[in-house]
Amino acid sequence: LELGSTRIKAVLMDGRFAPVAEGSHTWENKLMDGVWTYSLDEIWNGVRDCYAKLAFDVKRRYGVPLATAGAIGISGMMHGYMVFDEDGNLLTPFRTWRNTMTGQAAAELTRLFGFNIPQRWSIAHLYQAMLSGEEHVPRIAFMTTLAGYIHWKLTGRKAVGVGEASGMFPVSRETGTYDEGMMESFNRLMASKGYSLRLEKILPEALMAGENAGALTEEGAALLDPSGTLRPGIPLCPPEGDAGTGMVATNSVAPGTGNVSAGTS
């Protein structure tokens, strides 16, 4: 299930990874109060419509209901900013990768880390919200991406794949997770500005490809399929961004190969 900037796509594959059914939903982000965003209602209405069309395609092609699958993977447009309080409430409208409001934060963090931080990265959005004195910042309990949000709601697990994590905050080549030195530098920066937040407590867990990232819960199954046909218990892989899925789709993962994105970015 992939949430792109203009379409949500669902593809069912067989044991040889050949597509056997599909569904899609067309959508478009809106400029609200100067922020490019999708509302939570738009997200879930789109996901449900996309899944329903996939289930219909399965029924039409094979005459059976779509009740389970071997595994599920979530992919989404990378980067952006989704922050939640302790009760799971969204604190500010979802800020997509398309927003370019974080120039000051990106420049300052690039100097602090000695590492390029693009404007679209989650950490740039968080620091810009601090620099702008946005009232929601002290109440942040969890920060994630769109794919991470969908995965959390389907499994109850606050996790992302390492590729997705690397678009939120720099990842260490040695550990395969967030760079501890840079994270501590940012924690000190937050403290100097009067914030008690710590990145290790609000970032999702970073997982490698193939690791167990949870299973579809009863609540998650109902979110995807309100008809009640889909059964819980399906394992999910770590959610990833469209960079990694694009490389898989173009068979450019192997050494000596590469791909070029000609999409909306």
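The values are calculated or read from the model by the stated rules, or taken from the named source; none is laboratory data. Everything numeric here is computed off the predicted structure, so don't read it as measured data. Positions of Cβ are generated from backbone atoms using ideal geometry, with glycine treated the same way; all protein chains shown enter the neighbour counts. Each accessible area value is taken on the protein alone, full model and side chains, heavy atoms only, with ligands, DNA and RNA left out. Shrake-Rupley method; radii C 1.70, N 1.55, O 1.52, S 1.80 Å.
Residue-level analysis places Met82 outside the set of residues that are in contact with a Leu (Cβ under 9 Å, 6 or more places away or on another chain), closer than 17 Å to Gly246 by Cβ and not hydroxyl-bearing (Ser, Thr, Tyr). Looking across segment 16-31, the residues that are assigned to a strand (DSSP E or B) and either polar (S, T, N, Q) or surrounded by 12 or more Cβ atoms within 10 Å (Cβ to Cβ) (or both) come down to Val20, Ala21, Glu22, Gly23, Ser24, His25, Thr26, Lys30. The residues of segment 50-95 that are β-branched (Val, Ile, Thr), outside any loop (DSSP other than H, G, I, E, B) and under 30 Å from Pro19 (Cβ atoms), listed by number, are Val58, Ile72.
Contact annotation: no residue pair with Cβ atoms under 6 Å, 6 or more positions apart or on different chains, pairs a residue in segment 53-73 that is under 13 Å from Ser227 (Cβ atoms) and modelled with pLDDT under 95 with a partner that is open to solvent by less than 30 Å² (accessible area, probe 1.4 Å) and outside any loop (DSSP other than H, G, I, E, B).
On the basis of being surrounded by fewer than 17 Cβ atoms within 10 Å (Cβ to Cβ) and part of a loop (DSSP other than H, G, I, E, B), does Ala107 make the cut? Considered against the rule, which asks whether it is surrounded by fewer than 17 Cβ atoms within 10 Å (Cβ to Cβ) and part of a loop (DSSP other than H, G, I, E, B), Ala107 comes out as no. Looking at Ala159, Ala221, just one residue is open to solvent by less than 20 Å² (accessible area, probe 1.4 Å) and either at pLDDT below 95 or within 12 Å of the chain's Cα centre (by Cα) (or both), and that residue is Ala159. Would you call Met13 modelled with pLDDT of 95 or more, farther than 30 Å from Met182 by Cβ and open to solvent by 20 Å² or more (accessible area, probe 1.4 Å)? Here the answer is yes, as Met13 does meet what is asked. When the residues of segment 224-253 are filtered to those that are modelled with pLDDT under 95 and of a type in the set (D, E, K, R), the one that is surrounded by the fewest Cβ atoms within 10 Å (Cβ to Cβ) is Asp242.
List every residue pair whose Cβ atoms sit under 6 Å apart, with the two residues 6 or more apart in sequence or on different chains, where the first one lies in segment 132-146 and is at positive phi and the second, anywhere, is assigned to a loop (DSSP other than H, G, I, E, B) and open to solvent by 50 Å² or more (accessible area, probe 1.4 Å). Short answer, once both residue conditions are applied: none. Quick one: which residue in Ser185, Ser196 is exposed (fewer than 13 other Cβ atoms within 10 Å of the Cβ) and over 18 Å from Ser75 (Cα atoms)? When all the criteria are applied, what remains is Ser196.
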